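Everything on this sheet refers to the single structure shown next.
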């Protein structure tokens, strides 16, 4: 078995109305935005998602479409939260990252693409195709500036499930619905065993359990099917961690600690 280990970063704490992530649900919610840092003995550093771009924090830059930063509740984010700064604190330079793997290409997952121009960027082909020309109603969550950067890096498009390194340690599972090419990450850690990083298959546990859609979901039937697939894996004893769920993030290794 290949030796790998992982740690997690919260690269964008968000605070917003719950109805923006779970249709018709009342109240307010605080979210994390999880990036996983994975070290593989032969293939080096891999990132699972990249969070938002630091330019979002400058209101004069107009990096996102008008009103999005306020709607997503980015006021609690500082430049030190952004993925490149957090990697620096772990002793990892931008050039040390060899692979960037995306759950999907929404603006809170692909914003850090700019920081890793020399890495291989990995996504489902269906997601890449859609992100380059999204439907008008989903266009706001695909930031043109982020997607344009993907035109200038080495891309590895995937067609469905994939064993990224051929050794079973890093597997991508196609879980569409929230986005056309959404995927989840199944890691096989030598000592801890398998864990599943579910990306945005759901934003929170109650949404996941009760099959509540998100307003931005691309296809509700695919979302439901993907949640059922993930739930079957979870019932088989594999713990699931959702990208934006605070309770899930609290269980992950952080601040320079690792699972292996």
Find the all-direction average of the projected area of the Cα convex hull for region 4-249, expressing the result in square nanometres with one decimal place.
12.2 nm²
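Once fully extended, how much extra length lies between residue 88 and residue 255, figured as 0.36 nm per residue of separation less the alpha-carbon to alpha-carbon distance?
Numbers: separation 167, 0.36 × 167 = 60.12 nm, distance 1.20 nm.
Full-extension gain reported as 58.9 nm.
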Expressed as a whole number of Å, what is the distance separating the alpha-carbon centroids of region 12-46 and region 90-157?
16 Å
How do 142, 102 rank when sorted from fewest to most other Cβ atoms within 10 Å of their own Cβ?
142, 102
Under the definition of Cα pairs under 8 Å and six or more residues apart, what whole-number percent is the relative contact order of region 156-243?
28 percent
When DSSP beta bridges are limited to those with both residues in region 4-249, what percentage is antiparallel, rounded to the nearest 5?
65 percent
With 10 angstrom as the radius, rank 116, 258 by how many other C-beta atoms surround their C-beta, starting from the fewest.
258, 116
Relative contact order (percent) for region 76-170, with alpha-carbon contacts under 8 angstrom and 6 or more residues of separation?
27 percent
With an 8 Å Cα cut-off and a minimum separation of 6 or more residues, compute the relative contact order for region 110-219 in percent.
23 percent
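Would you list 35, 29 from fewest to most Cβ contacts within 10 Å? Before the final figure, lay out each step's value.
Numbers: 35 23, 29 20.
Least to most surrounded, the residues fall as 29, 35.
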Among 169, 221, 103, which one shows the biggest mean-square fluctuation in a GNM of the chain, springs joining Cα atoms closer than 10 Å?
221
GNM flexibility winner over the chain from 223, 33, 74 (Cα, springs under 10 Å)
74
Mind telling me which of 42, 229, 125 comes out most flexible in a GNM of the chain, alpha-carbon contacts under 10 Å?
42
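When you count, for each residue, the other Cβ atoms within 10 Å and take the mean per peptide, how do 60-71, 182-193, 82-93 rank with the highest first?
The peptides rank, most packed first, as 182-193, 82-93, 60-71.
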Rounded, prolate or oblate, given the Cα gyration tensor of region 41-129, with a/c below 1.5 counting as rounded?
oblate
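Every read-out reported here was derived from the displayed coordinates using simple, explicitly stated rules and does not represent laboratory data. Computed from a predicted model, the values in this text were never measured in an experiment. Quick reminder, even Gly has a Cβ in these numbers, built from the backbone with ideal geometry, and neighbours come from all protein chains shown.
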